[in-house]
Amino acid sequence: MIPRKSPQSGKFSSRKVETGLPDSLAAWIEHYRSLVVTGVRSEAVARKIDLHLGRFQLFFAKSYGHERISACVKRDILNWRKDLLFQELAPATVNNHLASLSAFTTWVHAQCPDIFPAGDPSKGIGELALPPLEPRALTDDQVRSLKNLCDRLHRFQQLRGRYLRDEEIRPGKRSRSMRDRALVFLLLSTGLRREEVTKLDLSQVEPGDPEALRKARHARIVRVAGKGKTERTVFLSADARSALANYIETERSIDAGNGGEALFLSASTVSARRGDGRLSPRAINLILERIGRWHDAEISDAERKISPLRPHDLRHTFAYRLAKVTGADAYELERRLGHRSQRYIQRYTNPPERVAASYVEEF
């Protein structure tokens with residue numbers, strides 16, 4: 001039974017929900033998922049919605065010892081927001097949780113207007129203010145030393161014994177220096193996200209022949225699948241063209257096997273390799289973290305260190321440089337980065353703190 005407010009008495013009475021659903025958050029969440037989320041939203045978005053709504057359901061049940069949706073009011077959502085902040089979740093993450101819950105309660109209220117005792121409990125709850133975004137771009141000196149290390153990457157992967165104490169980064173038959181070097185130069189040259197890199201096929205590289213790729217003055221990767229079912233074209237720098245050509249000609253041909261389509265492949269000796277051989281996003285993280293540690297081991301100046309090196313650091317570096325070259329042309333940044341949010345576009349046009357500090361050094 002769901003309480004409803006009687007217009008005559010102003011008190012709450014009871015009535016059955018016409019949908020036939022029980023007075024349960026879990027039941028309504030499942031109903032919402034089956035009608036609004038599954039098959040409508042992408043798998044990644046659906047997982048996030050499930051996570052957010054599941055967290056609210058757990059919070060509500062812990063607070064009251066039950067999960068009757070008819071007892072949910074605005075105060076509960078405000079308290080949940082406080083609890084998420086207490087867990088030290090980032091404001092943007094909290095806002096994502098609130099957005100998922102707001103979409104759910106708005107839909108429920110539309111299906112059954114009398115289910116909530118005081119109307120849609122999410123109505124009127126605004127987003128948290130977000131701190132200014134700062135790009136994590138590498139400096140010119142850091143890029144120079146990173147590229148220098150990548151040109152010598154095969155030597156690092158040949159080291160043995162006392163030179164490498166970390167078992168995790170000790171080289172072996174799985175080492176692919178040409179592939180790892182091509183990854184770094186590609187990310188610096190295009191600003192691709194790591195997920196976008198893992199989805200690339202060799203057929204998207206134009207020209208795809210190694211020798212033609214080396215000689216080409218302009219080469220590109222077409223049909224890059226971005227967020228929101230978008231596609232874009234990115235161009236390759238001279239370093240990226242050369243590094244990709246070397247990788248395609250040498251190591252990729254070893255790991256491709258029977259005509260693998262993926263551009264970047266795991267070593268064929270990896271036992272946990274995917275069926276199509278495609279490199280995973282997690283593998284890209286590990287490769288860059290390892291390169292970052294090797295880089296910093298050679299650098300004494302703390303300002304030049306780059307660890308932990310992440311894929312997004314190279315994306316930010318590309319974006320910040322592109323913003324400088326194009327005069328912060330928002331359209332060009334959006335087109336090359338696959339971003340539609342002006343807030344994130346502005347993130348790339350704003351200089352990092354260390355760069356901004358240098359502007360006033362001589363004032």
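The values are calculated or read from the model by the stated rules, or taken from the named source; none is laboratory data. Everything numeric in this text was worked out from a predicted model, so none of it was measured. With ideal geometry, Cβ positions are generated from the backbone for all residues, glycine too; neighbour counts draw on all protein chains shown. Just the protein is used for accessible areas: all its heavy atoms, side chains included, with ligands, DNA and RNA removed. Shrake-Rupley method; radii C 1.70, N 1.55, O 1.52, S 1.80 Å.
Residues that are free of Cβ contacts under 8 Å to residues at least 40 places away in the same chain and within 17 Å of L153 (Cβ to Cβ) within segment 243-253 comprise A245, E249, listed in sequence order.
Yes/no matrix, rows are residues, columns are (1) in contact with a Ser or Thr (Cβ under 9 Å, 6 or more places away or on another chain); (2) among the charged types (D, E, K, R); (3) within 26 Å of R144 (Cβ to Cβ):
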{"site": "L202", "(1), (2), (3)": "no, no, no"}
{"site": "R217", "(1), (2), (3)": "no, yes, yes"}
{"site": "T233", "(1), (2), (3)": "no, no, no"}
{"site": "S237", "(1), (2), (3)": "yes, no, yes"}
{"site": "G260", "(1), (2), (3)": "no, no, no"}
{"site": "G277", "(1), (2), (3)": "yes, no, no"}
{"site": "I284", "(1), (2), (3)": "yes, no, yes"}
{"site": "L288", "(1), (2), (3)": "no, no, yes"}
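Looking only at residues that are among the small types (G, A, S) and surrounded by fewer than 17 Cβ atoms within 10 Å (Cβ to Cβ) in segment 100-145, which one is nearest to A71 (Cα to Cα)? Among them, the one singled out is A118. Taking A71 as meeting all but one of (1) modelled with pLDDT under 95; (2) open to solvent by less than 90 Å² (accessible area, probe 1.4 Å); (3) out of contact with any helix residue (DSSP H, G or I) (no Cβ under 6 Å at 6 or more places or on another chain), write down the number of the exception. The number of the failed condition is (1).
Restricting segment 238-284 to residues that are acidic (D, E) and more than 24 Å from the chain's Cα centre (by Cα) leaves a set whose member that is least open to solvent (accessible area, probe 1.4 Å) is D255. Listed by first and then second residue, the pairs with beta-carbon distance under 7 Å, at least 6 apart or on different chains, first residue in segment 26-44 and in contact (Cβ under 8 Å) with a residue 24 or more places away in the chain and farther than 14 Å from Q57 by Cα, second open to solvent by less than 60 Å² (accessible area, probe 1.4 Å) and not basic (K, R), are V36/W107.
Among the residues of segment 146-156, none qualifies, meaning not one is under 30 Å from N95 (Cβ atoms) and surrounded by 14 or more Cβ atoms within 10 Å (Cβ to Cβ). Using the structure shown, decide if A26 is within 21 Å of the chain's Cα centre (by Cα), small (G, A, S) and either assigned to a helix (DSSP H, G or I) or more than 16 Å from A99 (Cβ to Cβ) (or both). Here the answer is no, as A26 does not meet what is asked. Listed by first and then second residue, the pairs with beta-carbon distance under 8 Å, at least 6 apart or on different chains, first residue in segment 278-301 and polar (S, T, N, Q), second surrounded by fewer than 16 Cβ atoms within 10 Å (Cβ to Cβ) and modelled with pLDDT under 95, are S280/R274. Can you find even one residue in segment 294-307 that is within 21 Å of A225 (Cα to Cα) and not aromatic (F, W, Y)? So far as segment 294-307 goes, no, none of its residues is within 21 Å of A225 (Cα to Cα) and not aromatic (F, W, Y).
Taking each residue of segment 213-237 that is at positive phi and basic (K, R) and looking for partners that are outside any loop (DSSP other than H, G, I, E, B) and open to solvent by 40 Å² or more (accessible area, probe 1.4 Å) with beta-carbon atoms closer than 6 Å, six or more apart or interchain, yields R223/E231. For segment 34-49: of the residues being open to solvent by less than 60 Å² (accessible area, probe 1.4 Å) and not β-branched (V, I, T), which is nearest to D23 (Cα to Cα)? Checked segment 34-49; the qualifying residue nearest to D23 (Cα to Cα) is A46. If the condition is being aliphatic (A, V, I, L, M), buried (at least 16 other Cβ atoms within 10 Å of the Cβ) and modelled with pLDDT of 90 or more, then segment 285-342 contributes I287, L288, I291, I299, I306, L309, L314.
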